[in-house]
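Notes follow the structure.
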């Protein structure tokens, strides 16, 4: 919408979908920290307050604020932005010294447990414009993710991932590797970005079909094609060409 301004298309969805979802996100929050209440993580494996969920909610509320302002509801836009800013401030609760923890657990307004597992989804913070690409903490997080999750030329999903494994080295996920490519593009590191993108293309099937993951012996243990992998490929190519992911 920010690029094409197709009002006839979006006006049907603004009230029931954009506002409806944004109002839910505003209300579904932990009272003391302002973070989203517990939910399943993006890997559909665990319940908690997740880094990934937090940054996507922030991005969603900021987008809803843009819509509200376009439709003349400035007060509502300020409300959504205020909540997004509160969540952004609370993102610091995930910081554990050299990376962002993937999940925290809050009891009586205080963090009482942290899952410090290094997770590739933390790379999405600058992709969703929540943490600047030049932020020192994100730079350290990136360094840790690369150190802990690199498998050959690709990137594992998270530390110790044993999905479809019987032990040993985690499988390499195409989306994780392509997230790294996108980050490199945002940093202006085009050669590194292209290297990760080329890896993803080289490990795809001859038909162009891209799977979910691949093991260290280049076997495909799970679903293929995976639409998510293809979507991230398109974003990675766009980021490489434009040095940004914002269509504005």
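The values are calculated or read from the model by the stated rules, or taken from the named source; none is laboratory data. Only a predicted model underlies this, so the values are computations on that prediction, with no experimental measurement involved. Note: ideal-geometry Cβ built from the backbone for every residue, glycine included; neighbour counts use all protein chains shown.
Could you tell me whether residue 206 is under 18 Å from the mean Cα position of the chain (by Cα) and surrounded by fewer than 22 Cβ atoms within 10 Å (Cβ to Cβ)?
On the way: under 18 Å from the mean Cα position of the chain (by Cα): no; surrounded by fewer than 22 Cβ atoms within 10 Å (Cβ to Cβ): yes.
The answer is no for residue 206.
Got a number for residues in region 108-129 being crowded, with 20+ Cβ neighbours inside 10 Å and more than 10 Å from the chain's Cα centre (by Cα)?
2
Among the listed residues 229, 224, identify the single one that is in a helix (DSSP H, G or I), on the phi < 0 side of the Ramachandran plot and surrounded by 13 or more Cβ atoms within 10 Å (Cβ to Cβ). Walk me through it before giving the result.
Details: 224 fails: in a helix (DSSP H, G or I).
Only one candidate passes the filter, namely 229.
Would you point out the residue of region 232-248, among those that are at pLDDT 95 or above and crowded, with 16+ Cβ neighbours inside 10 Å, that is nearest to residue 42 (Cα to Cα)?
Among those that are at pLDDT 95 or above and crowded, with 16+ Cβ neighbours inside 10 Å, it is 232.
Name the residues in region 138-158 that are in a helix (DSSP H, G or I) and in contact (Cβ under 8 Å) with a residue 12 or more places away in the chain, would you?
Residues of region 138-158 in a helix (DSSP H, G or I): 138-149.
Within region 138-158, 138, 140, 141, 142, 143, 144, 145, 146, 148, 149 meet the criteria.
Name the helices (runs of 4 or more DSSP H) wholly within region 1-107 that hold at least 2 residues that are under 30 Å from residue 148 (Cβ atoms) and within 15 Å of the chain's Cα centre (by Cα)? If you could, list the steps in order and put the result at the bottom.
Working: elements: 7-13, 20-27, 51-70, 74-90.
Of the helices (runs of 4 or more DSSP H) lying wholly inside region 1-107, those with at least 2 residues that are under 30 Å from residue 148 (Cβ atoms) and within 15 Å of the chain's Cα centre (by Cα) span 51-70.
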